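K.L.:
Below: one structure in structure tokens.
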């Protein structure tokens, strides 16, 4: 059986991994995080295990170097002797176009990651690069790509389409895919255990990257992100929903399409709108100090969430539960309170003194939850299933 699974989560300049031991019942026995990957200066890293906490600095020119740094730490702490002790590596992969679910990494998967790199330029290239590096250097290590789009693959076809020529969908893959599937699927499974009667659920994964998902009977029927992770809610520094017919004027003003696209991808969202920061904590602090742009950014984000909740409530034909998760969803009480205030027409009422678990009052007509997600566990399970079969 595939017992020891390492789950890999790559960011543009970050690398995170968790080691799971399925012989101990899906238990995560260690985690490692590396920041500022690719920087000229040494990268800060943190290691955690049940009986150990450690941090330090090390040069990490790319994600492969960060991977080997983490493997070395696992060896130093006696959790593995070598890579041969690992039964597989599961990647929290973003965009596989027509490929859905969890699949072994092979030439076809890598080709699709390349093909859809334009849809996920901040994610696909770095995943493909590390997969290729590991295949070349450690060919015996089984790799599994677990695509974030999988949970949304069952959306009705009429909800996954855009009003574009039909041939674009089949020729270029232009359709709504949705992302954060590992998080939303975890919330669906968790709520089935906590509140099995809650058939109509809206999951709000709010963090540096945010999306909403309408879940009916444990399955995704709608999601706020579309063909790319750029659409839907605006993000920490990504644009979210945007009228593409603004592009000609913006290109004329900014000088090139590449510059405009770079601004929409990295200098928009909370950062661009507030003019303060891409971190909501800083934005709220500035808003409280009287910064009108920061206040506008917060109000607009709340309004984005409210709009999708209203739309998804209609899709679900009612609502039984709302779940907040993700770093912002868990830790930003003012955001939860402001969103729920706008849902009083549905009979939503929360207790501001409650911050985890069920946070709605006893007389609330809709249950409101604040739950920590576990994306890595979902990837580990999928990887274990693929390798076990």
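The numbers here are math on the coordinates, done by the rules we state, and not lab data. Keep in mind that this is a model prediction, so the values were computed, not measured. Note that we place each Cβ from the backbone using ideal geometry, even for glycine, and neighbour counts take in every protein chain shown.
K.L.:
Could you work out how far helix 257-266 tilts from the main Cα principal axis of the chain, as a 0 to 90 degree angle to the nearest 10?
P.N.:
Taking Cα atoms only, the helix is inclined about 90 degrees.
K.L.:
At a 10 angstrom cut-off on C-beta neighbours, averaged per residue, how do the peptides 58-64, 287-293 rank from highest to lowest?
P.N.:
58-64, 287-293
K.L.:
So, one more: Fewest Cβ neighbours within 10 Å first, please rank 18, 137 accordingly.
P.N.:
Lowest to highest Cβ neighbour count: 137, 18.
K.L.:
Once both axes come from the Cα atoms, what is the angle between helix 63-76 and the longest principal axis of the chain, in degrees from 0 to 90, rounded to 10?
P.N.:
Taking the Cα atoms of the chain, the angle to 63-76 is about 60 degrees.
K.L.:
Compute the relative contact order of the chain as a whole-number percentage, counting only Cα pairs closer than 8 Å that sit 6 or more residues apart in sequence.
P.N.:
14 percent
K.L.:
Grab the DSSP H runs of the chain that are 4 residues or longer, score each as -39,500 (n - 2.57), total them, divide by all residues and round the 222 nm result to the nearest 500 deg cm²/dmol.
P.N.:
When only DSSP H runs of four or more count, the value is -11500 deg cm²/dmol.
K.L.:
Next question. At what distance in angstrom do the alpha carbon centres of the stretch 241-255 and the stretch 55-88 lie from each other?
P.N.:
So the two Cα centres are separated by 44 Å.
K.L.:
Note down the nm distance, to one decimal, between modelled labels 7 Å out along Cα→Cβ at residue 258 and at residue 13.
P.N.:
Taking the simple label geometry, residue 258 and residue 13 are separated by 2.0 nm.
K.L.:
Please give the helix 375-388 orientation as an angle from the longest Cα principal axis of the chain, in degrees from 0 to 90, rounded to the nearest 10.
P.N.:
Between helix and principal axis, roughly 50 degrees.
K.L.:
Ok, one more. Under 8 Å for C-alpha pairs, at least 6 residues apart: give me the relative contact order for the stretch 196-370, rounded to a whole percent.
P.N.:
22 percent
K.L.:
Okay, next question. Let me have the relative contact order for the stretch 4-147, percent, based on Cα pairs under 8 Å that are six or more residues apart.
P.N.:
Numbers: 270 pairs, mean separation 32.7, N = 144.
Computed over the stretch 4-147, the figure is 23 percent.
K.L.:
Another question, if that's okay. Which residue, 191, 250, 206, tops the fluctuation ranking in a GNM of the chain built on C-alpha contacts under 10 Å?
P.N.:
Among 191, 250, 206, the largest GNM mean-square fluctuation belongs to 250.
K.L.:
Here's a follow-up. If you rank 308, 177, 345, 315 by fewest surrounding Cβ atoms within 10 Å, what's the result? Walk me through the numbers before you get to the answer.
P.N.:
Working: 308 22, 177 29, 345 7, 315 14.
Listed from fewest to most nearby Cβ atoms, that is 345, 315, 308, 177.
K.L.:
Let me ask another. Using alpha carbon centroids, what distance separates the stretch 347-374 and the stretch 140-214, in Å?
P.N.:
24 Å
K.L.:
What FRET efficiency comes out for residue 158 versus residue 361 if R0 is 41 angstrom and r is the Cβ-Cβ distance? Round to the nearest 0.05.
P.N.:
E between residue 158 and residue 361, to the nearest 0.05, is 0.65.
K.L.:
To continue, here is another question. Only counting other Cβ atoms within 10 Å, I'd like 356, 149, 223, 362 sorted with the fewest neighbours first. Display every interim value, and only then the final one.
P.N.:
Working: 356 10, 149 25, 223 29, 362 7.
Exposure proxy ranking, most exposed first: 362, 356, 149, 223.
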